[in-house]
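Here is the structure we will look at, set down as structure tokens.
The values are calculated or read from the model by the stated rules, or taken from the named source; none is laboratory data. For clarity, every value in this text was computed on a predicted model and none was experimentally measured. Please note: Cβ atoms are built from the backbone with ideal geometry, for glycine as well, and neighbour counts cover all protein chains shown. Ligands, DNA and RNA are stripped out before the accessible areas are found, and what is left, the full protein with its side chains, is counted by its heavy atoms. Shrake-Rupley method; radii C 1.70, N 1.55, O 1.52, S 1.80 Å.
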Amino acid sequence: MKLRRIERGEKVAAGLVLTRDLGSLKKGRVLSDADVRAIDAAAWKELDVLELEAGDVHEDVAGRRLATAIAGEGVGVGEIDGGSFPLVARRRGLVAIDAARLRDVNLVPDLAAYAHPHDYVAVEGDVVGRVKVVPFVTREQRLRQAEEIASGGLVRVRPFVAARAALLVHEQIAEAALEKARRSFHEKLSFFGSRLETARSVPGNPRALADALAAERRAGAQLIVLAGSRSMDPRDPVLEALDVAGARMERHGVPAYPGTLLWIAYLGDVPILGAPSCGIFTRATSLDVVLPRVMAGDRMGAAEIAALSAGGIIAPETSYQLAPYRKGAPRGQLD
């Protein structure tokens, strides 16, 4: 590209790129024939423009091409906004970033691409990232290099998988409290497109708990939550019930706060989440960090649970990893 300064009286041609605003014509604009006529009628002395040469690509064309390359499954490219192209979630799910290749794209001169953190909980229509070409014009060679790096997409939205869930409570709890827990947990599950099929109290002995777990699995439950666990007590009947039922404890305690006493086990391929009380369902806790991962089909083994420690302080600053269950309420909360 060539930078030119046109004096009043010199010819202004279509195809030139403005480098400064001129009236209603904004910088970065590729001049059309109509723009040229408007410029001829305007009052000005000097006009700074860029003249495109072979191998040059205007920022708008380059930005859309790069955004299209970066957008993976579940992500679309929106219309240019504020000089950048938004990457828009087409479905509800977890944002997945190929961080290494995204970094490599940003090593290419002139180009900038950025996104929400990995495992950001996205809703349909959310802007999960943006792409911008920094100068008004870049080079085709640079753009192609970035497109090759981004081949196949770098920013995806992994969909939530609808599941049938069961809530078992083995603490002394009033019927009204159980109903409140049922409603709260059902609302949270509904965000993921899942259903709470049953919520009931069970006797707090190992045999009864093991039988209840087995019964829910036979009934088709794909997620079981046990509330009322006393996980710090070595005589907690839940721990023995898991052994009796043939379940595998993945992690006794989650490295997140609040909700560190949450535990995760598996009965075959059915995840079992153990919560200390029913009160956990209305607040934002470790349960709300784990649920999106489970609902996206992730198996939460010991290594995956341990990795939750980075960002494990559940606060407004880390709320991107929580679901916005209710409009107007903070992420992860129902009130």
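Within the stretch 217-243, the residues that satisfy the criterion of being closer than 20 Å to residue 262 by Cα and open to solvent by 20 Å² or more (accessible area, probe 1.4 Å) are 222, 230, 232, 233, 234, 235, 239, 240, 243. The number of residues in the stretch 172-198 that are small (Gly, Ala, Ser), outside any helix (DSSP H, G or I) and either under 21 Å from residue 236 (Cβ atoms) or open to solvent by 30 Å² or more (accessible area, probe 1.4 Å) (or both) comes to 2.
Annotation: of all residues in the stretch 70-95 being surrounded by 23 or more Cβ atoms within 10 Å (Cβ to Cβ) and in contact with a Leu (Cβ under 9 Å, 6 or more places away or on another chain), the one that is nearest to residue 133 (Cα to Cα) is 85. Taking the listed residues 173, 224, the one that is under 18 Å from residue 288 (Cα atoms) and β-branched (Val, Ile, Thr) is 224, with no other qualifying. Does residue 48 count as within 24 Å of residue 111 (Cα to Cα), open to solvent by less than 40 Å² (accessible area, probe 1.4 Å) and within 39 Å of the chain's Cα centre (by Cα)? Against the criterion (within 24 Å of residue 111 (Cα to Cα), open to solvent by less than 40 Å² (accessible area, probe 1.4 Å) and within 39 Å of the chain's Cα centre (by Cα)), residue 48 does not qualify.
Taking the condition outside any helix (DSSP H, G or I) and on the phi < 0 side of the Ramachandran plot, does residue 293 pass? For residue 293, the condition - outside any helix (DSSP H, G or I) and on the phi < 0 side of the Ramachandran plot - is not met. When the residues of the stretch 116-142 are filtered to those that are open to solvent by 40 Å² or more (accessible area, probe 1.4 Å) and of a type in the set (A, V, I, L, M, F, W, C), the one that is farthest from residue 48 (Cα to Cα) is 127. On the given criteria, is residue 121 of a type outside the set (D, E, K, R), modelled with pLDDT of 95 or more and in contact with a strand residue (DSSP E or B) (Cβ under 6 Å, 6 or more places away or on another chain)? Spelling it out, it is not the case that residue 121 is of a type outside the set (D, E, K, R), modelled with pLDDT of 95 or more and in contact with a strand residue (DSSP E or B) (Cβ under 6 Å, 6 or more places away or on another chain). Within the stretch 208-242, the set of residues being at pLDDT 95 or above and of a type outside the set (A, V, I, L, M) comprises 211, 216, 217, 218, 220, 222.
Against the definition (within 30 Å of residue 317 (Cα to Cα), open to solvent by 10 Å² or more (accessible area, probe 1.4 Å), touching a strand residue (DSSP E or B) at 6+ places or on another chain (Cβ under 8 Å) and not in a loop (DSSP other than H, G, I, E, B)), how does residue 250 come out, yes or no? Judged against the criteria, residue 250 is a match.
When 142, 158, 183 are checked against the criterion of being touching a residue at least 24 places away in the same chain (Cβ under 8 Å) and over 25 Å from residue 89 (Cβ atoms), a single residue qualifies: 142.
Residue by residue, here is whether (1) touching a strand residue (DSSP E or B) at 6+ places or on another chain (Cβ under 9 Å); (2) touching a residue at least 40 places away in the same chain (Cβ under 8 Å); (3) surrounded by fewer than 17 Cβ atoms within 10 Å (Cβ to Cβ) holds:
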site	(1), (2), (3)
286	yes, no, no
291	yes, yes, no
295	yes, yes, no
312	yes, yes, no
318	no, no, no
326	no, yes, yes
330	no, yes, yes
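If the condition is being over 19 Å from residue 188 (Cα atoms) and not hydrophobic (A, V, I, L, M, F, W, C), then the stretch 301-328 contributes 301, 304, 309, 311, 312, 317.
Quick check on the stretch 264-284: of everything there that is at negative phi and assigned to a loop (DSSP other than H, G, I, E, B), which residue is surrounded by the fewest Cβ atoms within 10 Å (Cβ to Cβ)? Checked the stretch 264-284; the qualifying residue surrounded by the fewest Cβ atoms within 10 Å (Cβ to Cβ) is 269.
Residues that are in contact with a Lys or Arg (Cβ under 9 Å, 6 or more places away or on another chain) and modelled with pLDDT under 95 within the stretch 247-260 comprise 258, 259, listed in sequence order.
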